[in-house]
Each structure stands twice: as C-alpha cells, then as structure tokens.
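Computed from the coordinates by the stated procedures, all read-outs in this text should not be read as laboratory data. Worth saying up front: this structure is predicted, and the values here are computed from it rather than measured. Glycine gets a Cβ as well: all are built from the backbone with ideal geometry, and neighbour counts include every protein chain shown.
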Amino acid sequence: LAASAIAFAILLNAARRDVPYIILAGALAYAGSLLGTRLLGAELGVFLGALIVGVTSNLYARWSNRPGAITLVPGVLLLVPGTIGFRSVAALVENRVVSGVETAFTTILMAVALVAGLFIGNMLLPERRLG
C-alpha cells in the first residue's frame, strides 16, 4: 500500500512535503474500501473509500490552503476497478459471455459507486473556494 502510494506520488510529480499526505490518503482509501466491502458488499465498498478520500482531501485543502487534488487523485487511483474491467474483457474474448457481462456490470457498478462517493463527499464538505 505504501509502495503504491509512493509510486503515485512519483508518477504525479508530487512535492516531497505532500508525500506523507498522499500515503495517508491511500491508506484511508484502502481502509474505507475494506470497511465498505464488509458493510455494503464488494461492489459498493468502493463507495465508502471514495467518500472518505473525498472528505479528507477537502479537509486537507482547507487545512493546508493547497488543492485537494493533491491527495484526491492518488487516493482515487487506488480505488479504480481496472483489473475487474480487464477480467470482463478477457472473459468476453474467451466466449464466456455470461461471466463477461456479469463482470462488466460489476465494473460499471463500482465505477458509479466511486463517482457517487466523490460527489457525496464533496457535498458533505465542499472544498473551500480560493479568491
């Protein structure tokens, strides 16, 4: 988890002072996703992770007077259901249509849950407008 957060910080050219906050955002996203999976199910676990990352990124923006995207983007990157989408395409290519469509539906549901979590997090605690 820490290695992937550090890799995202390097990939996104984050300032060194932001790296601990990026690691924290990744840990919160992961923990929120695990808790959400236990409470809401596998497909909607991403919702709670996105909600937590959205709110904490806006808190970071208010506290540090810096853009919330510094912590939001790496946190969301950990939640994106890319491997599930790949499994869906692989199943469809292998003529396992029912399995492929089910997995594609799960991917879409997870993507919608991710967006809904970010929207609701932004509604609960909007990022402070500068200027």
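Tell me, which residue of the stretch 34-58 that is under 22 Å from E127 (Cα atoms) and not aliphatic (A, V, I, L, M) is farthest from the chain's Cα centre (by Cα)?
Filtering the stretch 34-58 for residues that are under 22 Å from E127 (Cα atoms) and not aliphatic (A, V, I, L, M), the one farthest from the chain's Cα centre (by Cα) comes out as N58.
Could you please find all residues in the stretch 93-121 being over 18 Å from L44 (Cα atoms) and buried (at least 16 other Cβ atoms within 10 Å of the Cβ)?
G100 - this is the single residue of the stretch 93-121 that is over 18 Å from L44 (Cα atoms) and buried (at least 16 other Cβ atoms within 10 Å of the Cβ).
Counting only residues that are out of contact with any helix residue (DSSP H, G or I) (no Cβ under 7 Å at 6 or more places or on another chain) and within 23 Å of I10 (Cβ to Cβ), give me the helices (runs of 4 or more DSSP H) lying completely in the stretch 25-131 with at least 3 of them.
Ranges flagged: none.
Closer than 22 Å to P126 by Cα and either in contact with a strand residue (DSSP E or B) (Cβ under 9 Å, 6 or more places away or on another chain) or loosely packed, with under 13 Cβ neighbours inside 10 Å (or both): does that describe N65?
Details: closer than 22 Å to P126 by Cα: yes; either in contact with a strand residue (DSSP E or B) (Cβ under 9 Å, 6 or more places away or on another chain) or loosely packed, with under 13 Cβ neighbours inside 10 Å (or both): yes.
Yes, satisfied.
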